[in-house]
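We did not get these values from a lab; they are worked out from the coordinates using the rules stated. Since the structure is predicted, the reported quantities are computational estimates derived from the model, not experimental observations. Quick reminder, even Gly has a Cβ in these numbers, built from the backbone with ideal geometry, and neighbours come from all protein chains shown.
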């Protein structure tokens, strides 16, 4: 991820944020197309499928919602599951909050709405970079706007053409390899390795909990393990 | 299921998780141990999403040779580790999935 030599202006940060997000957008393209195709196949109208990407904008919970809808779930159950699956965003918000506390509401509202796994990882790395650019929120914005535009465009493509893509291509795996590519460079130092190990084992053991609650339990235990390991091993080397 | 009520509800709970914490957490000082623990959020969450996707087939641990996502995932991890290049990781990871699927078919 290119985070050095960014021109510390609004425009420079915005485009640097967009550029840093390009690989993540590549990973999201097949995911968005498949979402559009699956949503229509699961009983959503084309307008409803497009509307979900436009108003909700949370990829993995949108996928889960379509599979629940296909299985005949109620509105209340789908909404509750979405809440649990997206609770991880509260952790992202808590991480980014201190960096954006000086921003007015007209910034916080859209940045809050546009917060995704991808833009979070890109933005937090920018905020943690050494330089003192006053426009790092423009970097965050550039990343978020491009993720959002791409997600909506790919949803439409999926709605109208997705039926032609054979499911055996396994295009939804693109999101998994994208997340692997995001994860590996973050593993620096033994405490992080411990956090990752505990989160991974717990995620497998807790996979059968209802409403995808296992994801949240695994994340929380992983974070706790990282904190405890930090006391034992000392700070990670990258700090 | 009511389609638009579902979408409206999903929008409310998703925004309700993302925005309030983002807007409030900077204003209320976080205790230092909590703030320091937040650096483990990205790796822990990403791992919790990835591992079941590649290790489980229909909810069971699957170490068999025909679990193509597992081997493609391991290869993607190695590529990411050696190259630190996200785009290369995505491309080789997908090629590995298709190659492995083709080999075992």
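Please work out the FRET efficiency for the pair residue A:7 and residue A:106, using the Cβ-Cβ distance as r and a Förster radius of 30 Å; give the result to the nearest 0.05. It would help to have the intermediate numbers written out before the result.
Working: r = 24 Å, r/R0 = 0.79.
So the FRET efficiency works out to roughly 0.80.
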- Query: Rounded to a whole number, what is D in µm²/s for the range A:1-82 from Stokes-Einstein with the Kirkwood radius over alpha-carbon pairs (20 °C, 1.002 mPa s)?
  - Reply: 147 µm²/s
- If you take the Cα atoms of chain A, find Rg, then find the Kirkwood Rh from the mean of 1/r over all pairs, what is Rg/Rh? 0.98
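Which whole number gives the average, over all residues in A:146-155, of C-beta atoms from other chains lying within 10 Å of the residue C-beta? Kindly include the intermediate steps, with their values, before the conclusion.
Numbers: counts 0, 0, 0, 0, 0, 0, 0, 0, 0, 0.
The per-residue average across the peptide is 0.
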- Task: Using label points projected 7 Å from each Cα along Cα→Cβ, tell me how many nm separate residue A:131 and residue A:152, to one decimal.
- Result: 3.0 nm
- Message: Restricting to Cα pairs below 8 Å that are 6+ residues apart, what does the relative contact order work out to for chain A? Please round to a whole percent.
- Response: 30 percent
- Taking the Cα atoms of the range A:141-208, report the difference between the largest and smallest coordinate on each principal axis, in whole Å and largest first. 46, 34, 19
- Which residue, B:18, B:82, B:60, has the most motion in a Gaussian network model of chain B that connects Cα atoms within less than 10 Å? B:18
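Among A:136-148, A:57-69, how do they line up by average Cβ neighbours within 10 Å per residue, starting with the highest? Walk me through the numbers before you get to the answer.
Numbers: A:136-148: 24.1, A:57-69: 22.0.
Put in order of decreasing packing, that is A:136-148, A:57-69.
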- Message: For peptide A:189-202, what's the mean number of Cβ atoms from other chains within 10 Å of each residue's Cβ?
- Response: 4
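At 20 °C and 1.002 mPa s, what whole-number value in µm²/s does Stokes-Einstein give for the translational diffusion of the range B:39-104, with Rh from the Kirkwood sum over Cα pairs? Intermediate values should be presented prior to the final figure.
Details: Rh = 12.6 Å.
Here the translational diffusion coefficient equals 171 µm²/s.
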- Measuring from centroid to centroid over Cα atoms, what is the spacing of the range A:13-64 and the range A:174-197 in Å? 23 Å
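Would you mind calculating the gained length between residue A:74 and residue A:190 on full extension (0.36 nm times residue separation, minus the Cα-Cα distance), in nm to one decimal? Intermediate results must be reported in sequence, preceding the final value.
Working: separation 116, 0.36 × 116 = 41.76 nm, distance 4.40 nm.
Going from the current span to full extension adds 37.4 nm.
Counting each pair of different Cα atoms once, what's the Kirkwood radius of the range B:1-88 in Å, rounded to one decimal?
Values: mean 1/r = 0.0586 Å⁻¹.
One over the average 1/r among Cα pairs gives 17.1 Å for the range B:1-88.
Using only atoms on other chains, find how many Cβ atoms lie within 10 Å of each Cβ of peptide B:91-97 and report the average.
Details: counts 5, 2, 8, 10, 1, 2, 7.
Going residue by residue through B:91-97 and averaging, the value is 5.
What percent does the relative contact order of chain B come to when contacts are Cα pairs within less than 8 Å and at least six residues apart?
On the way: 41 pairs, mean separation 17.7, N = 105.
Taking the mean separation of contacting Cα pairs over the length of chain B, I get 17 percent.
Semi-axes of the range A:126-239's equivalent ellipsoid from the Cα gyration tensor, sqrt of 5 times each eigenvalue, largest first, rounded to whole Å?
Details: eigenvalues 202, 120, 29 Å².
Ellipsoid half-lengths, sorted descending, are 32, 25, 12 Å.
Averaging over all projection directions, find the projected area of the Cα convex hull of the range A:187-234 and quote it in nm² with one decimal place.
Values: hull surface 11.6 nm².
Over every viewing direction, the Cα hull of the range A:187-234 projects on average to 2.9 nm².
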- Which value in deg cm²/dmol, rounded to the nearest 500, describes the helix-derived mean residue ellipticity at 222 nm for chain A, given -39,500 (n - 2.57) per DSSP H run of n ≥ 4 and division by the residue count? -24000 deg cm²/dmol
- Task: Calculate for chain B the 222 nm mean residue ellipticity that helices alone would give, adding -39,500 (n - 2.57) per DSSP H run of length 4 or more and normalising by residue count, nearest 500 deg cm²/dmol.
- Result: -25000 deg cm²/dmol
